[in-house]
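> Structure incoming, see below.
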Amino acid sequence: MNTPLNLTRRHFLGQMTTGLTGVALSRLFMHELTAAPPRQPHFAPKAKQVLQIFCPGAASHMDLWDHKPMLEKFHGTPMPGADKEVTFQGKNGNLMKSPWPFAPAGQSGKMISTMLPHMAKHVDEMAFIHSMTSRTNTHGPGCIYMNSCFTREGFPSAGAWVSYALGSTNENLPTYIAIQDVRGEPPNGKANWSNGFLSAQYQAVSMAAQQPLRNLARPASIKADDEQATRDFLKLINAEHAAAHPGNDELRARMAAYELAAKMQLTAPEVSDLAAEPTHVHELYGTGDSNKLKAAYAKNCLLARRFLEQGVRYVSLYCASRASAVDGLLNWDAHKTLKADYERHCPIFDQPTAALLTDMKQRGMLNDVLVVWCTEFGRMPTHQEGTSGRDHNPDAFTTWMMGAGVKGGVSYGETDDFGRRSVVDVATVYDFYATVLHLLGLNHEKLTYYHNGANRRLTDVHGHVLKNILA
């Protein structure tokens, strides 16, 4: 009886004499079944890769990047025009200055929180966007919105869109990698790096220094030659099956995933071997720090550099994770005790992130890599009633970019005197990603995918390139 692939005993014996020809044929099919090869952008790009650094929990702009002298002047008084204002978790109290002073940094004199002394060394290369806004004040939808421009699940993340648009530069490694924090996944988890309605091959591979890729090692009972022979035969079967089912994207994506997994058996362990780095690099990042959370994040920063160095197109690096019952413990969601929370989070973030930027700059990687820093929304300039923390604020927050194609030492947009609302050159997440795509040589209005009767795009029907931050 014939199988769907016509692999009867008679057929199998007849094909033995042409086995080598079949293997050769499978090699011809390989690029159709594996990670997409590099594709041409719409115009000459300034950047070829993206490093996204994401701090989930809504990191407070006026306590890190957006200096507000008026908060210091009017600390402890009611915010003008905000009588009995109610936000995400209820009523707000009086204005609350940052617990830490700001200080000028770099040649530009940019005012940065003194809680970030290492990051302050890079301000002359950073372009701050101080007028960002969100469409939600809830963490899960906010994180998804910052990653996909939609507040609900089911839409591709920016990394998936870039993978779809430009393909891979290293066929032995994933095009898109999400490096999650040792404390866990961000709010709404894997939806932050989902492929959405794009083919499954464009979703990120999730990994971290503390969680290496599983099941890569070949069992000791299987010889290397036997495994290779099995792979070659599997390629032949997959090629025949793909030819018999044209247009089946999900099938091809699954084949691509298996093929990529096989290649990663050889490449990924080598790239993720942080022991290969010299001592001075580990000291720069702080991988041996006595603070175990800082050391874990430092290792992830180093891992991100190693993957980018090998040509991975898009790397998302998370510092902190989901919300927790113990407020502010796992991420930047400082509702009750902002000072204690950020004195825990800032040291974890500061040195390793700055080291990553320094290391990439020394290696010349910032000529090709665009670095972006994100969080899902901002926080209130007042304290929550009965606490010393800040509530959610979707009307104002800060992001920044640096690296390939970005003008350093500049600030775009402004919030009001207290940081409550964005008021000058108000920016959206659509604008943010229109700019990212532009730097990658992609017109955000032309990067589309037909789905459910509409030509979908990352920026939906919105977005303008923020030209003032381009080099």
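What follows is calculated from the coordinates using simple rules that are stated; it is not laboratory data. These numbers were taken from a predicted model, which means no experiment stands behind them. Cβ sites come from the backbone with ideal geometry, for glycine too, and all protein chains shown count toward neighbours.
> Tell me, what is the percent relative contact order of the stretch 331-471, built from C-alpha pairs under 8 Å that lie six or more residues apart?
20 percent
> A further question follows. Work out the charge dipole of the stretch 376-471 with +1 on the Cβ of Lys and Arg and -1 on the Cβ of Asp and Glu about the Cα centre, then indicate which of 464, 438, 387 is farthest towards its positive end.
The Cα lying farthest towards the positive end belongs to 438.
> Additional query: Please compute the modelled spin-label separation between residue 425 and residue 83, points set 7 Å along Cα→Cβ, answer in nm with one decimal.
For the pair residue 83/residue 425, the computed spacing is 3.6 nm.
> Modelled label-to-label distance, residue 416 and residue 292, 7 Å Cα→beta-carbon offset: nm?
Those two pseudo-labels are separated by 4.5 nm.
> Now, a different point. Given the C-alpha centroids of the stretch 364-420 and the stretch 431-456, what is the distance between them in whole angstrom?
Here the answer is 23 Å between Cα centres.
> Might you report the magnitude of the Cβ-based charge dipole of the stretch 399-471 about its Cα centre, with Lys and Arg at +1 and Asp and Glu at -1, to the nearest 20 debye? If you can, show how the numbers build up before the last one.
On the way: 7 positive and 7 negative charges, 56 e Å.
Around 260 debye, computed over the stretch 399-471.
> Given the peptides 357-364, 457-464, arrange them by the average over their residues of other C-beta atoms within 10 Å, most packed first.
Answer by packing, highest mean first, reads 457-464, 357-364.
> Within the stretch 161-175, whose backbone N sits under 19 Å from a point 7 Å along Cα→Cβ of residue 197?
Only 161-165 pass the distance filter.
> Past 24 Å, Cα to Cα, is the threshold; run 48/294; 121/407; 73/121; 121/299; 190/407 against it and keep the listed order.
Numbers: 48/294 29 Å; 121/407 16 Å; 73/121 27 Å; 121/299 21 Å; 190/407 32 Å.
Result: 48/294; 73/121; 190/407 exceed 24 Å.
> When a/c is below 1.5 the answer is rounded, else prolate if a/b is larger than b/c, else oblate, so apply that to the stretch 335-401 with a ≥ b ≥ c taken from the square roots of the Cα gyration tensor eigenvalues.
Oblate shape, in that a/c is at least 1.5 and b/c is the bigger or equal ratio.
> Add +1 for every Lys or Arg and -1 for every Asp or Glu among the other residues with Cβ under 12 Å from the Cβ of residue 457, and state the total. Each step should come with its number before you reach the end.
Working: positive: 446, 456; negative: 445, 460.
Summing Lys and Arg as +1 and Asp and Glu as -1 gives 0.
> Just grab the label-to-label distance for residue 443 and residue 42, each label 7 Å out from Cα along the Cβ direction, in nm (one decimal).
0.5 nm
> Among 186-192, 53-59, 134-140, how do they line up from the highest to the lowest mean number of other beta-carbon atoms within 10 Å?
53-59, 186-192, 134-140
> Going by average Cβ density within 10 Å per residue, which order do the peptides 97-108, 398-409 take, highest to lowest?
Details: 97-108: 16.3, 398-409: 22.4.
Averaged packing, sorted descending, gives the order 398-409, 97-108.
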